[in-house]
Amino acid sequence: MSLEQLLQSDAFLNDARRFAAIPDDAFEAALKAVHSAPGFLGPRRLHAVARAAIADSKQAASFAHFVINFAELGRDTGIRTSALVDSIAEELPDSLSDAERRSIVDRLPQTLAPVLGVELQAKVDRVVRKTGSHLDELAMISDLRPVFDEDGERVEGLVPLTTLKLVVHQSGALSPTVVEVRITEEELDDLCVQAARAKRKLAALKKLVSAQNGIELPESIMTLSDTPST
């Protein structure tokens, strides 16, 4: 997403208003907590750290969105922090009040300062993106297909079919690839068995990592979090 697209989105406008409304002391405390937090700072953990300093949960979420979104934008564009601050200040939505704009602009340099935990998390995201293709959609479609007589006027039978649909986005591709595979009931049973086995193996790997001293299990879109969101 480009800077212009981000700043003109409804989600950003809502975040901007809540971010501007964060009390100064809570904002300073959240910054201190985020910069001193050890290890990886994925979205859920970053929100939790901010939430400990900011009483309003939605304001804490908007604070986390500002930190993550602008850090990602800076990495993707290569724009220096000072130049990015100037660009954001110039492109803020007109619907923001003067007081909201001043609050946001005053806080941008501190908000965009590199956070070690967020940069560590970016490594996780890069590893995920470089490993295989991205699955945009997975669907199991079950239906009935008619068998007609020779004249095509009467249905003589109905055949149950199951189709596995995959929409895959390969790295560097401009558009996704759609794959539709017909699978038998036996193959469907085997697929369920294989999926259950993969879940058990994944749980074992997560348990192994958690038991290692000095090695973290960072947040990732590839695994479910074991801790509830705050």
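The values are calculated or read from the model by the stated rules, or taken from the named source; none is laboratory data. A quick note: this is a predicted structure, and the numbers were derived from the prediction, not measured. A quick note on method: Cβ atoms are made from the backbone with ideal geometry, for glycine too, and the neighbour counts reach across all protein chains shown. Side chains are part of the model used for accessible areas, which takes the heavy atoms of the whole protein and leaves out ligands, DNA and RNA. Shrake-Rupley method; radii C 1.70, N 1.55, O 1.52, S 1.80 Å.
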Counted residues, segment 136-148 - those being of a type outside the set (K, R) and either open to solvent by 80 Å² or more (accessible area, probe 1.4 Å) or in a helix (DSSP H, G or I) (or both): 5
Qualifying positions in segment 74-108 - loosely packed, with under 13 Cβ neighbours inside 10 Å and among the aliphatic types (A, V, I, L, M): A83, A99
Criterion (in contact (Cβ under 8 Å) with a residue 40 or more places away in the chain, open to solvent by less than 50 Å² (accessible area, probe 1.4 Å) and hydroxyl-bearing (S, T, Y)) met by exactly one of T111, T163: T111
Residue within segment 56-73 that is under 14 Å from Q121 (Cα atoms), open to solvent by 20 Å² or more (accessible area, probe 1.4 Å) and among the polar types (S, T, N, Q) present: yes
Pick from segment 128-157, criterion more than 14 Å from the chain's Cα centre (by Cα) and hydrophobic (A, V, I, L, M, F, W, C), ranking: nearest to P176 (Cα to Cα): L138
In segment 174-204, the residues that are among the hydrophobic types (A, V, I, L, M, F, W, C), loosely packed, with under 13 Cβ neighbours inside 10 Å and touching a residue at least 12 places away in the same chain (Cβ under 8 Å): V178, V179, V181
Hits in segment 114-132 - residues which are crowded, with 17+ Cβ neighbours inside 10 Å and touching a Pro at 6+ places or on another chain (Cβ under 9 Å): G117, Q121, V124
The one condition in (1) more than 20 Å from the chain's Cα centre (by Cα); (2) closer than 19 Å to L135 by Cβ that V168 fails to fulfil: (1)
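For (1) hydroxyl-bearing (S, T, Y); (2) at pLDDT 90 or above; (3) more than 27 Å from I215 (Cα to Cα), each residue gets a yes or a no:
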| residue | (1), (2), (3) |
| --- | --- |
| A20 | no, yes, yes |
| A52 | no, yes, no |
| D76 | no, no, yes |
| S97 | yes, yes, yes |
Unique residue being touching a residue at least 12 places away in the same chain (Cβ under 8 Å) and either among the β-branched types (V, I, T) or crowded, with 17+ Cβ neighbours inside 10 Å (or both) when the list is A16, A52, A29: A16
Odd one out for V105, checked against (1) touching a residue at least 40 places away in the same chain (Cβ under 8 Å); (2) farther than 23 Å from S36 by Cα: (1)
